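Engineer: Sharing a structure below in structure tokens format, with a few things to ask.
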Amino acid sequence: MASALGREEKDVFAAYLAKNRLKRSEQREVILDSFLRSARHLSVDDLLHMVQKKRPDIGRTTVYRTLKLLQAAGLASELALDGQSRFERDWKRQHHDHFICKSCGAIFEFSSPEIERLQDEIAAGLGFLIEGHRHHIFGICRRCAARPHRAALRAR
Ligand SMILES: [Zn+2]
Ligand SMILES: [Zn+2]
């Protein structure tokens, strides 16, 4: 049901807009709704394509600005990757990190209590106060590694 989908997130966004004296426009609602329907790590263009299926009149700038508002409201987080940002849902999500395929752009999430514990230990040793971290681990995914042309590329 569309109405129940992400209702809490919609309320949070409405409250954020009101607090910052921003208009609650229908365009923003459509963009948020499309964003909430995807569990993926979306580029601005990914989201733009989804939005434009319903509303071809909504442009890229509006989508981008709305994503930045969602980020400011705590509903989206941005992965700043080489050349292209991706946005994912962040509301009440557990911390996680990412493997990123440099060939096809596929993104895999992981979380490891062990890695988290180790970095806390190392930080404590340095007297460093961690405020946050993002692990982006780059490489080649299984599917791309299995493609024959990869082997040819490596052989060059
Ligand atoms: Zn890949
Ligand atoms: Zn993620």
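The values are calculated or read from the model by the stated rules, or taken from the named source; none is laboratory data. For clarity, every value in this text was computed on a predicted model and none was experimentally measured. Here Cβ is always computed from backbone atoms with ideal geometry, including for glycine, and neighbour counts include all displayed protein chains. To get the accessible areas, we keep the full protein, side chains included, count just its heavy atoms, and leave off ligands, DNA and RNA. Shrake-Rupley method; radii C 1.70, N 1.55, O 1.52, S 1.80 Å.
Engineer: Please name whichever of Q94, F110, L67 sits farthest to the positive end of the charge dipole of the range 66-126, dipole taken about the Cα centre and charges placed at Cβ: Lys and Arg +1, Asp and Glu -1.
Structural biologist: Checked the options; the winner is L67.
Engineer: Now, a different point. So if each residue of separation counts as 0.36 nm, and I subtract the Cα-Cα distance between I115 and K53, what length gain in nm does that give?
Structural biologist: 18.2 nm
Engineer: Which whole-number percent is the relative contact order of the chain (Cα, under 8 Å, 6+ apart)?
Structural biologist: 17
Engineer: Show me the ranking of peptides 32-44, 122-134 by mean Cβ neighbours inside 10 Å, starting with the highest.
Structural biologist: 32-44, 122-134
Engineer: Ok, one more. Explain nothing, just compute: Karplus ³J(HN,Hα) = 6.51 cos²θ - 1.76 cosθ + 1.60, θ = phi - 60°, for every residue of the range 15-23 in order, whole Hz, x for Gly and Pro.
Structural biologist: Once rounded to whole Hz, the list reads 5, 4, 4, 4, 4, 9, 6, 9, 6.
Engineer: If you don't mind, there's one more thing I want to ask. Starting from 0.36 nm per residue, how many nanometres of slack lie between Q71 and E8 once their C-alpha separation is accounted for?
Structural biologist: 21.1 nm
Engineer: Determine the share of the chain's accessible area contributed by carbon and sulfur atoms, expressed in whole percent, with a 1.4 angstrom probe.
Structural biologist: About 53 percent, which is the carbon plus sulfur part of the accessible surface.
Engineer: Once every DSSP H run of n ≥ 4 in the chain is given -39500 (n - 2.57) and the sum is divided by its residues, what mean residue ellipticity at 222 nm do you get, rounded to the nearest 500 deg cm²/dmol?
Structural biologist: Helices in the chain give a 222 nm mean residue ellipticity of -14500 deg cm²/dmol.
Engineer: Further question on the same structure: Which of H135, L17, G83 sits farthest toward the positive end of the charge dipole of the chain, with +1 on the Cβ of Lys and Arg and -1 on the Cβ of Asp and Glu?
Structural biologist: Towards the positive end, the residue furthest out is G83.
Engineer: Please say if the chain is rounded, prolate or oblate, where rounded means a/c under 1.5 for a ≥ b ≥ c the square roots of the C-alpha gyration tensor eigenvalues, and otherwise the choice is prolate for a/b larger than b/c and oblate otherwise?
Structural biologist: oblate
Engineer: When the Karplus curve 6.51 cos²θ - 1.76 cosθ + 1.60 is applied with θ = phi - 60°, which whole-Hz ³J(HN,Hα) does each residue of the range 67-75 get, with x for Gly and Pro?
Structural biologist: Result, rounded to whole Hz: 4, 5, 5, 4, 5, 5, 7, x, 9.
Engineer: Given a 10 angstrom Cα cut-off, can you work out which residue in F99, F110, F13 is the most mobile in a GNM of the chain?
Structural biologist: F110
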